[in-house]
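The values are calculated or read from the model by the stated rules, or taken from the named source; none is laboratory data. The shown structure was predicted, so the numbers you read here are calculated from the model rather than taken from an experiment. Cβ atoms come from the backbone with ideal geometry, glycine included; neighbour counts cover every protein chain shown.
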Amino acid sequence: MTFGLTAIEAVSIASGINSLTGGGVSKMLGFGGSPSGAEAQKMADPFSPYRGKLGQMYSDYLQPGASSNIEAMPGFSQYKTGVLDPAMKTSQRTAAKSGMLYSGNEQMELQKVGQQGYYGFMTDYLNRLAQGSGAANNPATAAGMGLAQTGANQQGFSQGLGALGTLAGQFGGTTGATSSNLGSLAGTSFDSAGTPII
């Protein structure tokens, strides 16, 4: 009996061993490897550890009677100095130019600028909390990516078993488990002659 491997068979066998070890050979050689389903889900949703806290903050702001002290909210001081104060000064300059400075009309305009600013800030703030908490997302998307990666890993494992079946075929005489069906027989019991017990 002659034993010899072609280059294609050798690569196929090496690939099979790599798949069976969960990419261990690739990782050892510095080529990474396949992430697990949980790792794929974590990569798809890196903010998942913070979602609970953000969800609680979002829920708290939606409760009747919740504190609406805008000055105590994160980001307000940046908003005030970068957006609200310049808008108020622009409104005052416009009123001064038209001779309405310190008039009732100016006060109404300043109130309008303040109300629009408050609405814009609160809308943006609540939208960011909703987005960060996952209330605006479909969490099944990340879970689906994790399941898809798990399926790809299982397919790689089955292909690895098939490649090992090719190696077994080189020795000849396999009766039940062949390179063409070994991957599909994963988890099947075999008798002493190698025939699957179905």
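For region 79-106, filtering for residues that are farther than 17 Å from Tyr119 by Cβ, in contact with a helix residue (DSSP H, G or I) (Cβ under 9 Å, 6 or more places away or on another chain), part of a helix (DSSP H, G or I) and not small (Gly, Ala, Ser) leaves 5.
Tally up the residues in region 52-78 that are assigned to a helix (DSSP H, G or I) and farther than 26 Å from Asn105 by Cβ, please. Spell out the reasoning first.
Going residue by residue through region 52-78, those that are assigned to a helix (DSSP H, G or I) are 52-62, 70-72, 76-78.
Narrowing the set further to residues that are farther than 26 Å from Asn105 by Cβ leaves 52-62, 71-72, 76-78.
Summing the residues that are assigned to a helix (DSSP H, G or I) and farther than 26 Å from Asn105 by Cβ in region 52-78 gives 16.
Residue-wise test of (1) out of contact with any Asp or Glu (no Cβ under 9 Å at 6 or more places or on another chain); (2) surrounded by fewer than 13 Cβ atoms within 10 Å (Cβ to Cβ).
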{"residue": "Pro64", "(1), (2)": "yes, yes"}
{"residue": "Gly82", "(1), (2)": "yes, yes"}
{"residue": "Ala95", "(1), (2)": "no, no"}
{"residue": "Met100", "(1), (2)": "no, no"}
{"residue": "Glu106", "(1), (2)": "yes, no"}
{"residue": "Val113", "(1), (2)": "yes, no"}
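Would you confirm whether any residue within region 72-87 is of a type in the set (Ser, Thr, Tyr) and modelled with pLDDT under 85? No, region 72-87 has no match at all.
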